[in-house]
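**Student:** Here's a structure for you.
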2 protein chains.
Amino acid sequence: MIRYPPHLLRLIDVLKKLPGIGSKSAERFAFHLLDWPEEKQIEMAEVIRSVKQHLKNCLVCGALIEKKCVLCTDLSRDQETLCIVATSKDLFAIEETREYRGLYHVLGALFSPIHGKKPQAEVLEGLLKRVEEKQIKEIIIALDSTLEGDATALYIKRELSAFSARVSRLALGLPMGSALDYIDGGTLGRALAGRHTY
Amino acid sequence: MIRYPPHLLRLIDVLKKLPGIGSKSAERFAFHLLDWPEEKQIEMAEVIRSVKQHLKNCLVCGALIEKKCVLCTDLSRDQETLCIVATSKDLFAIEETREYRGLYHVLGALFSPIHGKKPQAEVLEGLLKRVEEKQIKEIIIALDSTLEGDATALYIKRELSAFSARVSRLALGLPMGSALDYIDGGTLGRALAGRHTY
């Protein structure tokens, strides 16, 4: 029995590192990649190789940026409202809604007491310093509605209690287009508690 | 509203070229990749960049090889039996079964009359020349049981009719572990027609 050539195995191995990709999918990717013209392979390699050269995190707000931060330098944005998100991906998702025009603060990750991921001192310090200096009036905690999201939100709320800013969290309720009999009891309970006049 | 930085868009774009990967998955891959240490990114880039340098197709049998073809040079393999497959991936899948010890011939792709993909003259010539020179006694057509696979198999069978070699095709029937009431009628019909004494 002959097996895959070594370089093909290496290719499958690196592709398997992508999230949610197991051996079978990685093999499919690899054989697909093999059929590409060389310039397409080189282009992909070049884009991946130069990620760290092109993309970095803003030292002020933590957002993913290429050169200068378009969020921190945009003075037309509401400078007194701060939205706290876990990752830059979440930031872009909120921007996509076009419902928010304030500033952001990217934590980098959620805290997870169970997995021993504690809040990093410098992340919190940066946040508190910014709230103080900018005299932020409203803080929106836009974190996942998961165990880690709840723990992180609670922790941040406590840290922010020294400030007079109004702190809020994203509403919990039915996702749009959802059927009631498919919704879990927890969500339904929160949607009920948060009902609004109609 | 701010959007993804240009390099991130480029990264998402190249990842979207992987088979079965749409925008959402490519975004997930990209943000995952961003979190990798630089050496892991560079390793992935290097492996992809050097695919064509390391891997090529054997000029005789068409199998994917790194330096010399381990199939064509292995004289312990049955030199009178030839298995025709569409791709190297299929070849490795057959090797995995450990049920076959003969030679292979990789077509590169299935012919698809509907999509105008006609058999390439050099591929067919290579096959016919090999069958003649090697004095092949048995030919196994191991192609997909799809429309394209059937068309290709039929075409090849006709071309091979000039030789005395016995030509066979893979059995059609129930996949292992399958429940009868989940099997489509076509498969069941073929399984019935191909029933064997038990």
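The values are calculated or read from the model by the stated rules, or taken from the named source; none is laboratory data. As the structure is a computational prediction, the values presented were derived from the model and not from experiment. Cβ placement follows ideal geometry from the backbone for every residue including glycine, while neighbour counts extend to all protein chains displayed. Heads up: the accessible areas ignore ligands, DNA and RNA and are worked out on the full protein's heavy atoms, side chains in. Shrake-Rupley method; radii C 1.70, N 1.55, O 1.52, S 1.80 Å.
**Student:** Given a Förster distance of 22 Å, report the FRET efficiency between residue A:67 and residue A:46 from their Cβ-Cβ distance, rounded to the nearest 0.05. Working shown, then result.
**Tutor:** Values: r = 19 Å, r/R0 = 0.86.
Calculated transfer efficiency: 0.70.
**Student:** Okay, next question. How many percent of DSSP beta bridges within the protein assembly as shown run antiparallel, rounded to 5?
**Tutor:** 20
**Student:** Please identify which residues in the stretch A:106-124 have an amide N closer than 19 Å to a label point set 7 Å out from the Cα of residue A:162, following the Cα→Cβ vector.
**Tutor:** Under 19 Å, as judged by backbone N against the label point of residue A:162, lie A:119-124 of the stretch A:106-124.
**Student:** Quick one: Karplus J couplings for the stretch A:169-179, per residue in order, coefficients 6.51, -1.76, 1.60, θ = phi - 60°, nearest Hz, x for Gly and Pro?
**Tutor:** 10, 4, 5, 9, x, 6, x, 4, x, 8, 8
**Student:** Using the Karplus curve 6.51 cos²θ - 1.76 cosθ + 1.60 with θ = phi - 60°, what ³J(HN,Hα) values do you get for each residue of the stretch A:75-89, in whole Hz, with x for Gly and Pro?
**Tutor:** Using θ = phi - 60°, the values come out as 6, 6, 7, 4, 7, 10, 10, 10, 10, 9, 10, 7, 9, 4, 4 Hz.
**Student:** Hey, another quick one. For the stretch B:6-54, give the percent of accessible area contributed by carbon and sulfur heavy atoms, probe 1.4 Å, rounded to a whole number.
**Tutor:** Looking at the stretch B:6-54 in its full context, I get 52 percent from C and S.
**Student:** Also: With solvent modelled as a 1.4 Å probe, how much accessible area in total do chains B and A shield from it at their shared surface, in Å² to the nearest 100?
**Tutor:** Using a 1.4 Å probe, the pair buries roughly 5500 Å².
**Student:** Shifting gears a bit: Round to the nearest 0.05 the FRET efficiency obtained for residue B:75 and residue B:182 when R0 = 51 Å and r is the Cβ-Cβ distance.
**Tutor:** 0.70
**Student:** Kirkwood hydrodynamic radius, computed over distinct alpha-carbon pairs, for the stretch B:1-148: how many Å, to one decimal?
**Tutor:** After inverting the mean inverse Cα-Cα distance, the result is 18.6 Å.
**Student:** Between the stretch A:122-192 and the stretch A:51-114, what is the C-alpha centre distance in whole Å?
**Tutor:** 16
**Student:** Moving on to the next point. What part of the accessible area of the stretch B:57-197, given as a whole %, is carbon or sulfur when the probe is 1.4 angstrom? All intermediate terms of the calculation are to be shown ahead of the outcome.
**Tutor:** Numbers: 4900 of 8890 Å².
With neighbouring chains kept in place, the figure for the stretch B:57-197 is 55 percent.
**Student:** Just to be sure I understand the interface: list residues from the stretch B:12-31 that lose 50 Å² or more of accessible area between the chain on its own and the complete protein assembly, 1.4 Å probe.
**Tutor:** Residues of the stretch B:12-31 that lose at least 50 Å² of accessible area once the other chains are added: B:14, B:17, B:18, B:19, B:28, B:29, B:31.
**Student:** Related question: Restricting to chain B, compute how many DSSP beta bridges are antiparallel as a %, nearest 5.
**Tutor:** So the antiparallel bridges in chain B amount to around 20 percent.
**Student:** What accessible area per residue, rounded to a whole number of Å², is obtained for the stretch B:47-188 using a probe radius of 1.4 Å?
**Tutor:** For the stretch B:47-188, the per-residue accessible area is 60 Å².
**Student:** Turning to a different aspect of this structure: If each label sits 7 angstrom from Cα along the C-beta direction, how far apart, in nm, is residue A:67 from its counterparts in the other copies?
**Tutor:** Output for residue A:67: 4.9 nm, nearest copy listed first.
**Student:** Loop-only check: which trypsin sites (Lys or Arg not before Pro) in the stretch B:1-61 are DSSP coil with at most 14 other Cβ within 10 angstrom?
**Tutor:** Qualifying residues, ordered by number: B:3.
**Student:** Now for a separate question. Modelled label-to-label distance, residue B:36 and residue B:16, 7 Å Cα→beta-carbon offset: nm?
**Tutor:** With each label placed 7 Å out from Cα toward Cβ, I get 2.1 nm.
**Student:** Continuing with the same structure: Kindly provide the GluC sites (Glu not before Pro) of the stretch A:24-66 that DSSP labels as loop, not H, G, I, E or B, and whose Cβ sees at most 15 other Cβ atoms within 10 Å.
**Tutor:** Counting only loop positions with at most 15 other Cβ atoms within 10 Å, the GluC sites (Glu not before Pro) in the stretch A:24-66 are A:66.
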